[in-house]
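Take a look at the structure below.
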Amino acid sequence: MSPTGVAKADDQAHAARTLWNLLHAWWRMMPKEKRTLANADAAIRQAREDIDFLAVLPAQAAQAVLKTYFRAWKNCWEGRAAAPDFKARFHTVMSVDIPQGRDLNITRVHRRWGVVNVPKVGRVRFRWTKDLPVGKRADAENRITGARLVKDALGWHIAFRVQALEVKPEPHQGPEVGIDVGVTVPLALSDGTTYEHGGWLTGKEKATLLHLEQRAAQRKRYRRPGERTSRRLRHTYDRIAGLRAKAKRRALDWQHKTTTNIARTYGTVVVEALTITNMVKSDKGTIEEPGKNVAQKAGLNRSIAAEAWGRTVALLVYKTARLGGTLHKVPAPGTSLRCSACGFTTPGNRESQAVFVCKNPDCGWSGNADHNGARNVLHLYRMGLALIPAAGRAVVRRAKRVKPTTAR
C-alpha cells in the first residue's frame with residue numbers, strides 16, 4: 001500500500017473507532033426505551049453530517065460499526081462476552097470493515113499478487129495466499145461477501161469473507177492418536193511422533209530486540225512524569241512491536257501447518273482438558289505468606305503462554321471436523337504420572353522432565369515421558385472417559401468400552 005493509501009486507511013480506522021465511542025456514549029446517555037437500532041442509525045447519520053472527520057469513513061463501514069456494536073451487546077446479554085466499552089487510541093486494533101463484496105473488483109495480477117478496490121482508498125495490491133472465488137469461479141454459492149482491513153505492527157492486511165458450499169466430508173478412516181502438550185516438547189503423540197520448533201527469531205533478530213528494549217528502557221528512564229512520549233521512543237516501540245509481531249506470525253504459521261498435518265493423518269485426536277488460566281497464575285503469594293521460586297514460576301508462565309496450547313486445540317477442532325475426523329478431551333490429572341505399560345501411578349515415576357521410569361517392581365518400563373503421557377491420554381479415551389461440555393463445565397461421560405484400533 002502506498003503512503004497515501006496508508007494515511008487514508010489510518011484515517012478510516014480512527015474514524016471507525018471514534019464512531020464506536022460516540023455510539024457508546026449515546027447508548028449510555030439514552031433511556032432504555034430509546035436504545036433502538038433505528039434511533040442509533042439516525043444518530044450516526046447526524047454525526048456524519050456534523051463531524052467532517054467521520055465523513056472519511058464509507059457509509060457501509062459506518063453501518064458495520066453499528067451492527068458490530070449491537071452484536072457486542074447481544075453477546076454480553078447471552079453471557080458470551082463482557083459488556084462493550086470505549087476503545088482507547090493506543091490499545092485498540094485499527095481495523096475497517098468492508099461489509100459488501102460486490103465493489104471490491106478483485107483482479108489477480110499474477111501468481112503471487114492481486115489488486116482489490118478499497119472504498120475511499122483506491123486500488124490496493126495484496127499478497128495472494130489462497131484461492132478466491134473471483135471471475136468465472138464466483139457464483140451464488142461461492143462468492144466473496146466482504147473484507148476487513150486490519151493493521152498490526154507490520155502494516156495493513158486484508159482478510160476476505162468467503163461464502164463457500166462445502167460438501168459434508170466422509171468419516172476419516174485414520175488411526176487414533178493422543179497428544180501431550182508441553183514446553184520443552186510442544187507436541188508429543190502417542191505413536192512416537194514429535195513436533196518441535198526452534199526460536200521464532202534468529203540470533204541477529206534476538207540481539208536487535210534486546211538492544212531496542214534496552215534503548216527504550218534508557219529513554220523512558222529520563223522521561224519526566226506526565227511528559228508525552230518522544231518521537232524517538234515511539235519509533236523504538238514500533239520497531240520492538242514489529243519484531244514481536246514477526247515472531248507471532250511465525251508461531252501461528254507453525255501451528256497451522258502442524259495441526260493441518262495432524263488432522264489429515266489421524267481420524268480421532270484426543271487431547272487433555274487443561275485449565276490454562278490456572279496453570280499460569282502468579283506464585284508471588286501475599287505479604288504474610290510470600291511465594292517461593294517466583295522468578296522461575298514467572299518464566300514458566302511465559303513459556304506456557306508462548307506455546308498457545310488453547311489456540312492449538314482450537315485449530316484442531318475445526319480442522320478435524322472439516323476433514324471428517326473428531327477431537328475429544330479427557331481429564332488431565334494423572335496422565336504424566338501413570339505408566340502406560342502397566343498402569344502403576346505414583347509421583348516417583350517421573351524421574352526427570354524427559355524420562356519416565358516405572359517404579360513398579362514387576363514392570364520397570366522406561367521411556368520418553370512426553371510420549372508416555374500421550375499414550376495415557378489415548379488410554380483414557382479408549383476407556384470411555386471423554387469430557388463433554390455441559391452448562392459451561394466439563395462433565396465426565398463413561399461410554400461403552402471401545403475396542404482399540406490398530407495404528408496404520
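In region 221-336, which helices (runs of 4 or more DSSP H) lie fully inside it and hold 2 or more residues that are under 26 Å from the mean Cα position of the chain (by Cα), without any contact (Cβ under 8 Å) to a residue 60 or more places away in the chain and within 30 Å of Gln173 (Cα to Cα)? First the steps, then the outcome.
Working: elements: 231-265, 276-279, 294-307, 309-322.
Correct list: 231-265, 309-322.
When you go through (1) of a type outside the set (A, V, I, L, M); (2) at pLDDT 90 or above; (3) assigned to a helix (DSSP H, G or I) one by one for Asn117, which number turns out not to apply?
Unmet for Asn117, out of (1) of a type outside the set (A, V, I, L, M); (2) at pLDDT 90 or above; (3) assigned to a helix (DSSP H, G or I): (3).
Give the residue that is nearest to the chain's Cα centre (by Cα), with candidates limited to residues of region 43-84 that are closer than 20 Å to Pro99 by Cα and basic (Lys, Arg).
Arg71
For region 189-219, enumerate the residues that are acidic (Asp, Glu) and in a helix (DSSP H, G or I).
Here is the first cut: in region 189-219, the residues acidic (Asp, Glu) are 191, 196, 205, 213.
Matches in region 189-219: Glu205, Glu213.
Within region 40-56, identify whether any single residue is in contact with a Lys or Arg (Cβ under 6 Å, 6 or more places away or on another chain), crowded, with 17+ Cβ neighbours inside 10 Å and part of a loop (DSSP other than H, G, I, E, B), and answer yes or no.
no
Could you please let me know if Lys151 is surrounded by 13 or more Cβ atoms within 10 Å (Cβ to Cβ) and in a loop (DSSP other than H, G, I, E, B)?
Values: surrounded by 13 or more Cβ atoms within 10 Å (Cβ to Cβ): yes; in a loop (DSSP other than H, G, I, E, B): no.
Spelling it out, it is not the case that Lys151 is surrounded by 13 or more Cβ atoms within 10 Å (Cβ to Cβ) and in a loop (DSSP other than H, G, I, E, B).
Would you pick out the residues in region 360-403 that are touching an Asp or Glu at 6+ places or on another chain (Cβ under 8 Å) and modelled with pLDDT under 50?
Residues satisfying the conditions do not exist here.
Report, by residue number, each residue of region 154-175 that is within 30 Å of Arg244 (Cα to Cα) and assigned to a loop (DSSP other than H, G, I, E, B). Full working, then the answer.
Here is the first cut: in region 154-175, the residues within 30 Å of Arg244 (Cα to Cα) are 154-162.
The answer is Leu154, and nothing else.
The values are calculated or read from the model by the stated rules, or taken from the named source; none is laboratory data. Treat the numbers as computed from the prediction; the structure is a model and nothing was measured. With ideal geometry, Cβ positions are generated from the backbone for all residues, glycine too; neighbour counts draw on all protein chains shown.
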